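To start, the structure itself, in structure tokens.
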Amino acid sequence: MLDLLRLTLQEVISLLRQGKVTSETLVDGYLDNIHKNNAQGLRLNAISQLAPYDQMIQAARQLDAERATGRVRSILHGVPILIKESFGTHEKLGMTTTAGLVPLKHAHMPYNCTVAERLLEAGAIIINSVYGLSTPNGWSPLYGQTVSPYAPDDTPSGEPGYFDPSGSSTGSAVAISAGFAAAAMGMETIGSIVCPARRAGLYAFKPSAGLLPCKGMLPAMPSIDSPGPMGKTVWDLAVTLEVLAASTSGTFECRTKGLYNDLAQYRLGVPRKSLPPWQNYDRPVTDNIKRQAEQLFDEVVKKLAPGVKLDPADISGIEDAWGDHPTPESHEAGDAHVGQFNHPLARPLITESLASINSFLQELEDHPIKSVAELVKWNEENPSKAFPPPYEPGQDELLRQTLEIDGKKGEAYLADVERVKHLKLKIDRFFIENCLDALIFSGGTGPVGSHGPLLAAIDGYPLGIVPVAVMTNNEPYAIYLMGKKGDDANLLAIM
């Protein structure tokens, strides 16, 4: 009997190649896991919708028949894969593109987003996962709350101990962790792939911005947005990225045959003072868990000693990347959400996202909302549908800020753009002057963990997450690795 909970993508592909399993069997097996623990059982609520069963089985049988005749489209041929709900799909796939929003319940794209189309061309079988927009992590008004398989009984209603699954690619992460598919794709601007993957005990990779196309996906900041894979091993990430990126670069290769190599050939740096942990005033982390995280990171650095050539590897002035952090007092005053985005990328993100989101909404078909302004108005007029209990109206603050700024690139915007440019130069210069291949830093604790994802977002640097252990509070602990922009294959080899 197949143990799909533990099988890696590499093992699934090996079984398919050996003829020990069919794609049809895999589809039925993953669907059985979904039926057992998505809406019932553990009630993880990771899958928002599935393609029609007959359609998936027909696709699986066709791919099995092709394999039997010697035709294999790619290494992902016949593999069931999840995509984030914000990945636009054509109605022929039998799924809508809602981003988890009630007024977009019946919306779909007039075409498949480029990543989805490449997966289909590669012979993958697509199912969908849940997504939340500017709301509590893993929650959407249309589908509700996704919960962590590490603490499925916790709820987000305020009780101590709630295990926030992080976001926003929450469904993708939880689904892979629960054995709902062989691999998954998420989308990241700042932490949306690596943070939920870290909380689900997975490997994940946010590629350099531009390596994979974002056409047909719900955007946030197109200049740094990046879709990326999640899986149970680095090999899983590498082959998925290799298939998807080949159409972009033509020559992209992740060296999957040589992933287990000598760390001594690399130059790794370990930031210390410049990457403080991200404070979480809603769910304070105990001193015991903080100590565990610190000890685990120290142990990891010792194991990586052959490759660590610079420790500490602190970039002078990099603290400007995260600006003023919210304090307990500002949180109590209701300013924590604004403070959380008080960094040099915040205003450019909010400013540039308006046109991108409007364009996405205008492309969608069969729905009444064609702009951010119309979406905010709909939320105001339908508060019980937009934010059903326990959530409250006003939790779409980022959308409201986006609408208020109205895409105007004033002095404050231009000043922050300059700050981002200076930070990019600092990071690039630091890598070059110290001949570094990657920076390694702690994943921290809590939903966000550390400022690592924000640092990687400065110019769309590649960022990987590697699971390390599970702490005594049942929280997975992991480390981040950040590489030079465009050096994705090398970073995956280090991972």
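State to the nearest 20 debye the size of the charge dipole of the chain about its Cα centre, where the only charges are +1 on K and R beta carbons and -1 on D and E beta carbons. The partial results should precede the final answer.
Details: 43 positive and 57 negative charges, 275 e Å.
Approximately 1320 debye in magnitude.
Inverting the mean 1/r over all pairs of different Cα atoms, compute the Kirkwood radius of the range 1-158 and quote it in Å.
Numbers: mean 1/r = 0.0602 Å⁻¹.
The answer is 16.6 Å.
Against the empirical 2.2 N^0.38 Å scaling, what ratio does the C-alpha Rg of the chain come to? Numbers along the way, then the final one.
Numbers: Rg = 21.5 Å, N = 495, 2.2 N^0.38 = 23.2 Å.
This ratio for the chain stands at 0.92.
Just to compare against my own numbers: the Cα pair-distance distribution for the range 3-60, 10 Å bins, whole % per bin, please.
Cα pair-distance distribution for the range 3-60, in percent: 21, 47, 30, 2.
Taking amide H atoms as placed 1.01 Å from N in the peptide plane, list the residues 5 or more away in sequence, or in a different chain, whose amide H sits under 5 Å from that of ILE126.
Hits under the 5 Å cutoff: ILE81.
What do you get when you divide the Cα radius of gyration of the range 358-483 by 2.2 N^0.38 Å, with N the number of residues? Please report the intermediate quantities before stating the final value.
Working: Rg = 20.2 Å, N = 126, 2.2 N^0.38 = 13.8 Å.
Compared with the compact-globule rule of thumb, the range 358-483 sits at 1.46.
For a footprinting-style exposure proxy, rank HIS367, HIS451, HIS422, HIS108 by other Cβ within 10 Å, fewest first.
Working: HIS367 17, HIS451 25, HIS422 14, HIS108 22.
Lowest count first: HIS422, HIS367, HIS108, HIS451.
Sort 187-200, 306-319, 431-444 for me by packing, meaning the mean count of neighbouring Cβ atoms within 10 Å per residue, highest on top. Mind dumping the intermediate values first?
Working: 187-200: 30.3, 306-319: 15.8, 431-444: 20.5.
So the peptides 187-200, 306-319, 431-444, ranked by packing, come out 187-200, 431-444, 306-319.
For labels at ALA415 and VAL470 in the simple 7 Å Cα→Cβ model, what's the distance in nm?
Placing both labels 7 Å along Cα→Cβ, they lie 4.8 nm apart.
Using +1 at the Cβ of each Lys and Arg and -1 at the Cβ of each Asp and Glu in the chain, identify which of ALA373, ALA438, LEU425 lies farthest towards the dipole's positive end.
Of ALA373, ALA438, LEU425, it is ALA438.
Laboratory data are not the source of any read-out in this text; all were calculated from the coordinates shown. Quick caveat: nothing in here was measured; it's all calculated off a predicted structure. As a convention, Cβ positions derive from the backbone with ideal geometry for all residues, glycine included, and neighbour counts pool all protein chains shown.
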